Amino acid sequence: MFDKTCSINYESHGDGPPVVLIHGMGGSLRQWDYLMPQLADQGFGAYALDLQGHGDSPKPRNLEYYHVEVIYEQLKCWIEQLNLSRPPLLVGHSLGGYLSLVYAIRHPENVHALVLTDPLYSPKQLSPIFRFLGKRPRTGIQFLDNLPAWTFDMVFQWAERIKRPIPPKMHRQLIYDFKRTTPLILNIPQTVFDLTPHLSSISQRTLVMWGSRDLTLSPTSFPKIVAALPEAESYTFAGSGHIPHLTQAMTFNRQVLDFASSMT
């Protein structure tokens with residue numbers, strides 16, 4: 001069901017202990033443009049990919065390619081082909097957090113530690129709009145496919161309630177990434193399963209961070225995953241929405257770098 005050659009787009013910066021960066025739905029590897037150079041400067045090897053259907057990776061037009069298991073298998077295949085010298089620190093945002101958790105559950109020997117930002121781990125976290133679209137993915141796909149770019153900007157501004165403006169270049173990149181992502185990704189949320197029963201098996205140190213005003217995933221769900229993970233610590237971005245790694249990038253990067261350095 002998926003491309004065995006793992007022909008997905010990615011970039012790498014630096015050389016050293018590996019850090020794998022996994023974006024969320026509607027994003028791209030460009031969302032890590034603030035973090036990757038700093039990781040490289042601090043002696044880490046940073047690797048970021050465009051998940052299937054996103055960025056410059058392939059965007060097959062068949063709905064079966066947008067089951068979360070297919071997206072996961074592509075990620076797993078890509079990590080294996082990197083031939084890393086040691087298990088990586090996985091940094092995942094939203095859907096990227098879900099994929100990181102699944103990888104850690106299924107291949108604990110291949111994960112050094114985890115950083116999860118506003119992570120998806122259960123369908124119960126989804127906002128009403130995502131639950132609605134999950135029940136009617138084809139309707140949502142058709143609707144999203146016809147939306148003009150300016151509507152993405154309007155929704156983004158409303159959802160994030162930005163008090164600390166993102167630099168214009170990144171702001172334009174966010175809108176561009178949302179518009180070039182295939183709308184077929186709306187099928188992914190309805191295919192995820194609840195990871196809660198499996199969280200206690202993850203023994204790696206984990207940093208969980210989230211925005212207190214997340215409108216995509218319920219903010220009340222994040223303390224629950226911290227409590228469920230045996231070796232978790234947390235950080236809350238007061239006043240931030242679903243993308244604190246961009247709206248509060250300096251603080252986010254410092255948290256990640258301090259955590260990564262403590263693991264070496």
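The values are calculated or read from the model by the stated rules, or taken from the named source; none is laboratory data. Values in this document were obtained by computation on a predicted structure and should not be read as measured data. Don't worry about glycine lacking a Cβ; one is built from the backbone with ideal geometry, like all the others, and counts go over all protein chains shown.
Observations
- Filtered residues of region 161-177 (kept if modelled with pLDDT under 85 and not in a loop (DSSP other than H, G, I, E, B)): P168, K169, M170, H171, R172, I175
- Tally, over region 222-255, of residues that are closer than 30 Å to R172 by Cα and not polar (S, T, N, Q): 15
- Close pairs (6 angstrom Cβ cut-off, 6 or more residues apart or separate chains): touching a residue at least 12 places away in the same chain (Cβ under 8 Å) and more than 13 Å from L99 (Cβ to Cβ) in region 115-127, buried (at least 24 other Cβ atoms within 10 Å of the Cβ) and among the aromatic types (F, W, Y) anywhere: D118/W210
- Scanning region 30-48 for residues that are farther than 20 Å from D177 by Cα and buried (at least 24 other Cβ atoms within 10 Å of the Cβ) turns up L39, F44, A46.
- Region 196-241: number of residues that are touching a helix residue (DSSP H, G or I) at 6+ places or on another chain (Cβ under 6 Å), in a loop (DSSP other than H, G, I, E, B), without any contact (Cβ under 8 Å) to a residue 60 or more places away in the chain and not hydroxyl-bearing (S, T, Y): 1
- Annotation: of all residues in region 102-147 being among the acidic types (D, E) and at pLDDT 70 or above, the one that is surrounded by the most Cβ atoms within 10 Å (Cβ to Cβ) is D118.
- Total residues in region 226-246, condition crowded, with 22+ Cβ neighbours inside 10 Å and either within 27 Å of F44 (Cα to Cα) or aromatic (F, W, Y) (or both): 7
Every residue, every condition in (1) closer than 24 Å to I175 by Cα; (2) at pLDDT 95 or above; (3) crowded, with 18+ Cβ neighbours inside 10 Å, yes or no:
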{"residue": "G24", "(1), (2), (3)": "yes, yes, yes"}
{"residue": "S28", "(1), (2), (3)": "yes, yes, yes"}
{"residue": "D50", "(1), (2), (3)": "yes, yes, yes"}
{"residue": "D56", "(1), (2), (3)": "yes, yes, no"}
{"residue": "I79", "(1), (2), (3)": "no, yes, yes"}
{"residue": "G97", "(1), (2), (3)": "yes, yes, yes"}
{"residue": "S100", "(1), (2), (3)": "no, yes, yes"}
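Per-residue answers, yes or no, for (1) aliphatic (A, V, I, L, M); (2) in contact with a strand residue (DSSP E or B) (Cβ under 6 Å, 6 or more places away or on another chain); (3) in contact (Cβ under 8 Å) with a residue 60 or more places away in the chain; (4) farther than 27 Å from S218 by Cβ:
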residue	(1), (2), (3), (4)
G16	no, yes, no, yes
G45	no, yes, no, yes
D56	no, no, no, yes
S100	no, yes, yes, no
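- Any hit, region 18-32, residues being over 15 Å from the mean Cα position of the chain (by Cα), of a type outside the set (D, E) and over 24 Å from I225 (Cα atoms): yes
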